[in-house]
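**Student:** So that we are looking at the same thing, I have put the structure below in structure tokens.
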Amino acid sequence: MRKYVLNSFKSTINTLYLPIVIICIFITGLVASRLATAQIEENAYKNITDTIFQTKNYLDYTLSDVFSQLVSLSYDSRLMGLLAKEQDEITPEDYIPLHKNLQLIYSRYNSILESVLIDLNEGDFSLHNSEYNSNPAIQYEDYFRNFEEGSENFYWRNIHEDTIFKGDSNVLSTYKLLTFDNTSAQGIVLFNLREDFFEGILSRSLIGENGYLTLISSDGIFESKVLDSRYKLNKDTLSKLQNSEKEQGQFAFENENNKKMIVVYDTIKTNNWKIAAIVPEEELLSKVNYIKHFTIALMVIMIVLVVVLTNLVIKLMSKPFEKLARQMARVDENYLILEEEMSGPEEMKVLHNGFTDLMDRIHHLMDQIRLEQEEKRRLEFAIMQSQINPHFLYNTLYSIKGLCDMGLTKDASQMITALSNFFRIGISKGSDVITIQEEIEHIRNYLFIQEMRYGDDFSYTIDVNPEILSYPIVKLSLQPLIENAIYHGVKQKRGQGVITIKGYAIDETIRLDVSDNGNGVNEERMQVILDELASPYQEKNQVIGIGLKSVNERIKIQFGKEYGLIFVSEKGEGTTISITIPKQQGG
């Protein structure tokens, strides 16, 4: 083991010195991280506690002030006088001062009061102030179910729907239930508190993205914002807070989504409601994670610096050898260049120059072979095209001669026009690539000529999506496919044949199908066709013609090996040959 580890100065330093330095860095970072984490956790809990304390004091002061107005109004002797009278005995002098006092309270505390109401004997007499122009209707049984004989009967009600004034918002309420001696007279003094007032107060305290403040009472819970279900209190925790006799405290719980939540709470003395801060532990202690990650990153950076600085001097000596080795490792059949000049001892320069000369000679030979192969393939495809065109020209001219002999000069003229257009597009100024629109025009001329020659032996349809007409295609791609459909498809079938040409796009691929309703081929012959199509172009083919082979090879050269011809055939069902090319603009 020692032989291989300590076989060089560099490996000796890396093995013995670097681990000691790394261990010291690790211990220092760990201690610093623990101290910072403890301090951040303490500060986080203190900030939440301070927020709860300040918010509680503000709400306590405000609610106490409002509640004192409710108490003062409830014990007003004029109110009790109204409660003792029958409805027809009440005069304006009895209630106008009371109404003015109600209006004064509403206007003074409008920022928190949504509406105020004095209702006696289930609507026999009512005074109210509200933003809504409606006649309040209150259901006494909803409120007097809490009535306790002999108590003061002041109550607080958590968030609920405002059914009295039929407003479009929810309210919180404080109210006083009124009775008069042992009579059946009853009444209610009700203050509805604005929901947005509490939302504003509780939302001002920013305690994280998903942390929030909430008011908890025995009859419900008020949440300061719309919450994701993952951060809500579960039933057990809510019940624990509602029934807790402690005025303040903190604890943690795991909710139904397995998220650990921190709860810090205090008690509002005016109504004994709990105000609680609920914060995901991961957010409360997010800075702790940041410190941990920062410490780890810092330790990694320090370790890297130590390693780099330790190896800097050693690398100065081994650099020339490593540099040449890296360059030689990158060399393959596609990359035969040593890009950088070599410095170092004279022997290294000689080795580098010799290897560079060798790569230059290999690169030159490969370029020469590539050029020869490309030229050979171009010549072979030129021969293929020359073999296709004269045969077709001979047949067409012979057909034109026959028309002239029969005196059908008009048909002969149309056939000559189609032939000239056919060759005009086929020449296409020497370009190997034309648009699909030009290729379709080319085969229209070809099909017209063939239709003139064979009469009613076959019919054809052309259905090409106009959106693909502007895309390029290798010229003379469709004509050999149609020629194959005529001679090996419809001519071998009894009755009239049908040839269908379709063009469409599939995602980023264009597909051109040439289908016939001929006899088709069986699976064995289809396999032979596919084998010949995949064979090297130099091999002689016995089944598929030179035209189909030429189309397949030219498409692969122009667009890539993943494109070309696809054969689909079934005995007795006809044959479909498809051209696949990429959807790309330009030639």
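The values are calculated or read from the model by the stated rules, or taken from the named source; none is laboratory data. Remember, it's a predicted structure, so these values are computed and weren't measured experimentally. Positions of Cβ are generated from backbone atoms using ideal geometry, with glycine treated the same way; all protein chains shown enter the neighbour counts. Quick note on the areas: whole protein, heavy atoms, side chains included, nothing else; ligands and nucleic acids left out. Shrake-Rupley method; radii C 1.70, N 1.55, O 1.52, S 1.80 Å.
**Student:** Look at M452 and say whether it is in a helix (DSSP H, G or I), over 30 Å from G402 (Cα atoms) and touching a residue at least 40 places away in the same chain (Cβ under 8 Å). Please lay out each step first, then the result.
**Tutor:** Numbers: in a helix (DSSP H, G or I): yes; over 30 Å from G402 (Cα atoms): no; touching a residue at least 40 places away in the same chain (Cβ under 8 Å): yes.
No, not satisfied.
**Student:** Considering (1) open to solvent by less than 20 Å² (accessible area, probe 1.4 Å); (2) under 29 Å from L70 (Cα atoms), say which one S218 fails and leave the rest.
**Tutor:** Single failed check for S218: (1).
**Student:** Being touching an Asp or Glu at 6+ places or on another chain (Cβ under 9 Å), exposed (fewer than 15 other Cβ atoms within 10 Å of the Cβ) and not small (G, A, S) narrows it down to one residue among K225, K235, K246, K274; which is it?
**Tutor:** Values: K235 fails: touching an Asp or Glu at 6+ places or on another chain (Cβ under 9 Å); K246 fails: touching an Asp or Glu at 6+ places or on another chain (Cβ under 9 Å); K274 fails: exposed (fewer than 15 other Cβ atoms within 10 Å of the Cβ).
Among K225, K235, K246, K274, only K225 is touching an Asp or Glu at 6+ places or on another chain (Cβ under 9 Å), exposed (fewer than 15 other Cβ atoms within 10 Å of the Cβ) and not small (G, A, S).
**Student:** Limited to region 86-100, what total is found for residues that are assigned to a helix (DSSP H, G or I) and either of a type in the set (G, A, S) or farther than 21 Å from Q186 by Cβ (or both)? Don't jump to the end; show me each part of the working.
**Tutor:** Filtering region 86-100 down to residues assigned to a helix (DSSP H, G or I) leaves 87-89, 92-100.
Among the residues that remain, those that are also either of a type in the set (G, A, S) or farther than 21 Å from Q186 by Cβ (or both) are: 92-93, 96-97, 100.
Selection size over region 86-100: 5.
**Student:** Which count do you get for residues in region 132-144 that are loosely packed, with under 13 Cβ neighbours inside 10 Å, part of a loop (DSSP other than H, G, I, E, B) and modelled with pLDDT of 80 or more?
**Tutor:** Going through region 132-144 one residue at a time, the tally reaches 1.
**Student:** If you check D411, D507, D463, which single one turns out to be over 22 Å from L565 (Cα atoms) and assigned by the TED database to the domain that holds K556?
**Tutor:** Values: D507 fails: over 22 Å from L565 (Cα atoms); D463 fails: over 22 Å from L565 (Cα atoms).
It is D411.
**Student:** Could you check K491 against (1) open to solvent by 70 Å² or more (accessible area, probe 1.4 Å); (2) modelled with pLDDT of 90 or more and say which number it fails?
**Tutor:** The single condition K491 does not satisfy is (2).
**Student:** Is it the case that E441 is touching a helix residue (DSSP H, G or I) at 6+ places or on another chain (Cβ under 9 Å), under 30 Å from N522 (Cα atoms) and surrounded by 15 or more Cβ atoms within 10 Å (Cβ to Cβ)?
**Tutor:** No: the conditions fail for E441.
**Student:** Let me ask you something else. If you go through region 500-528 one residue at a time, how many are at pLDDT 90 or above and of a type outside the set (D, E)?
**Tutor:** Here the count works out to 13.
**Student:** In region 90-110, what residues are out of contact with any Lys or Arg (no Cβ under 8 Å at 6 or more places or on another chain) and not hydrophobic (A, V, I, L, M, F, W, C)? Please lay out each step first, then the result.
**Tutor:** Pass one, region 90-110, residues out of contact with any Lys or Arg (no Cβ under 8 Å at 6 or more places or on another chain): 90-93, 96, 99-110.
T91, P92, E93, H99, K100, N101, Q103, Y106, S107, R108, Y109, N110 - these are the residues of region 90-110 that are out of contact with any Lys or Arg (no Cβ under 8 Å at 6 or more places or on another chain) and not hydrophobic (A, V, I, L, M, F, W, C).
**Student:** Looking at S72, is it among the small types (G, A, S), closer than 30 Å to K269 by Cβ and open to solvent by 60 Å² or more (accessible area, probe 1.4 Å)?
**Tutor:** Details: among the small types (G, A, S): yes; closer than 30 Å to K269 by Cβ: yes; open to solvent by 60 Å² or more (accessible area, probe 1.4 Å): yes.
When the stated conditions are applied, S72 passes them.
**Student:** Could you tell me which residue of region 197-213 is surrounded by the most Cβ atoms within 10 Å (Cβ to Cβ), considering only residues that are touching a residue at least 24 places away in the same chain (Cβ under 8 Å) and not in a loop (DSSP other than H, G, I, E, B)?
**Tutor:** L213
**Student:** Please tell me if D531 is modelled with pLDDT of 90 or more and either touching a strand residue (DSSP E or B) at 6+ places or on another chain (Cβ under 8 Å) or not in a loop (DSSP other than H, G, I, E, B) (or both). Give the derivation first.
**Tutor:** Details: modelled with pLDDT of 90 or more: no; either touching a strand residue (DSSP E or B) at 6+ places or on another chain (Cβ under 8 Å) or not in a loop (DSSP other than H, G, I, E, B) (or both): yes.
No: the conditions fail for D531.
**Student:** Could you tell me whether V543 is more than 16 Å from I579 (Cα to Cα) and at pLDDT 85 or above?
**Tutor:** Numbers: more than 16 Å from I579 (Cα to Cα): yes; at pLDDT 85 or above: no.
Judged against the criteria, V543 is not a match.
**Student:** Looking at the structure I just gave you, is R554 within 18 Å of I436 (Cα to Cα) and at pLDDT below 85? Step through it out loud before you land on a result.
**Tutor:** Values: within 18 Å of I436 (Cα to Cα): yes; at pLDDT below 85: yes.
Taking the combined requirement at face value, the residue satisfies it.
**Student:** Give me the residue from region 107-124 that is open to solvent by 30 Å² or more (accessible area, probe 1.4 Å) and either among the acidic types (D, E) or outside any loop (DSSP other than H, G, I, E, B) (or both) and, out of that set, farthest from D65 (Cα to Cα).
**Tutor:** So, considering only residues that are open to solvent by 30 Å² or more (accessible area, probe 1.4 Å) and either among the acidic types (D, E) or outside any loop (DSSP other than H, G, I, E, B) (or both), the one farthest from D65 (Cα to Cα) is D124.
**Student:** Tell me which residues, restricted to region 88-106, are open to solvent by 50 Å² or more (accessible area, probe 1.4 Å), at pLDDT below 90 and among the charged types (D, E, K, R).
**Tutor:** D88, E89, E93 - these are the residues of region 88-106 that are open to solvent by 50 Å² or more (accessible area, probe 1.4 Å), at pLDDT below 90 and among the charged types (D, E, K, R).
**Student:** Another one. For region 153-188: of the residues being in contact (Cβ under 8 Å) with a residue 12 or more places away in the chain and of a type in the set (D, E, K, R), which is surrounded by the most Cβ atoms within 10 Å (Cβ to Cβ)?
**Tutor:** K176
**Student:** From the set of residues in region 558-575 that are buried (at least 17 other Cβ atoms within 10 Å of the Cβ) and over 28 Å from G497 (Cα atoms), which is modelled with the lowest pLDDT?
**Tutor:** Filtering region 558-575 for residues that are buried (at least 17 other Cβ atoms within 10 Å of the Cβ) and over 28 Å from G497 (Cα atoms), the one modelled with the lowest pLDDT comes out as Q558.
**Student:** Given the condition in a strand (DSSP E or B) and either at negative phi or touching a Leu at 6+ places or on another chain (Cβ under 9 Å) (or both), answer yes or no: does some residue in region 235-244 qualify? Write out each step before concluding.
**Tutor:** From region 235-244, those in a strand (DSSP E or B) are none; that's our starting set.
Scanning region 235-244 turns up no residue that is in a strand (DSSP E or B) and either at negative phi or touching a Leu at 6+ places or on another chain (Cβ under 9 Å) (or both).
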